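Worksheet: one structure, shown below.
The values are calculated or read from the model by the stated rules, or taken from the named source; none is laboratory data. Computed from a predicted structure; not experimentally measured. We place every Cβ from the backbone using ideal geometry, glycine too, and count neighbours over all the protein chains shown. To get the accessible areas, we keep the full protein, side chains included, count just its heavy atoms, and leave off ligands, DNA and RNA. Shrake-Rupley method; radii C 1.70, N 1.55, O 1.52, S 1.80 Å.
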Amino acid sequence: MSEVQQLYLDDLHVGQRFTSGSFLMETARIKGFAAEFDPQPFHLDEEAARDTIFGGLAASGWHTAAVTMRLLVESDLKPAGGIVGAGADEFRWPRPVRPGDELRTESEVLEVRPSRSRPDQGLIKVRTTTLNQNDEAVQVIIANLVVPRRR
């Protein structure tokens, strides 16, 4: 197995794109996550969910965010030091995630900024879109990541 190349701030540029593998959203996992972290009826019970804004069982947005994080960690975006967030400029869930959806991520570097106060690091602004099997966006986040510079 080849060693994964870690990316430093100096390796990154605007327009660079990264992709991930996929993750299947299973009913049991949707309900399990919801039971522990977001116990609302539309995340827990198909029948109760029918009469809600979702019209059926939907994963918690926070479950989608957690799956997105896993996909990012396993993607080809490999900042040196890991994926370290410094905040998000945008966070949206344009459509619900359903049981059986297969999620994947596409990330694009929007900005690369060396730090003025910390010359050993900088920030990149990255838009990560989580897509379902129909290429429909289910989550969009624009995040700022801390990335070290080469020494």
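Summary of computed values
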{"quantity": "Fully extended contour minus Cα-Cα distance, from Glu74 to Glu102, at 0.36 nm per residue", "calculated": "8.5 nm"}
{"quantity": "Relative packing of 108-114, 84-90, which averages over residues the other C-beta atoms within 10 Å, highest first", "calculated": "108-114, 84-90"}
{"quantity": "Dipole magnitude of segment 61-145, debye to nearest 20 (Cβ charges: Lys/Arg +1, Asp/Glu -1, about Cα centre)", "calculated": "320"}
{"quantity": "Top positive-direction residue, dipole computed over the chain with Cβ charges, set Pro114, Gly82, Trp93", "calculated": "Pro114"}
{"quantity": "Accessible area per residue in Å² at 1.4 Å probe, computed on segment 1-102", "calculated": "60"}
{"quantity": "Label-point separation, Asp89 to Asp11 (7 Å along Cα→Cβ), nm", "calculated": "2.4"}
{"quantity": "Debye log10 I(q)/I(0) at q = 0.11, 0.13, 0.18 Å⁻¹ for the chain, Cα point scatterers", "calculated": "-0.48, -0.63, -1.00"}
{"quantity": "Size of charge dipole - the chain - debye, nearest 20, with Cβ of Lys, Arg +1 and Asp, Glu -1, no other charges", "calculated": "720"}
{"quantity": "Sulfur and carbon atoms: percent of accessible area, the chain [1.4 Å]", "calculated": "49"}
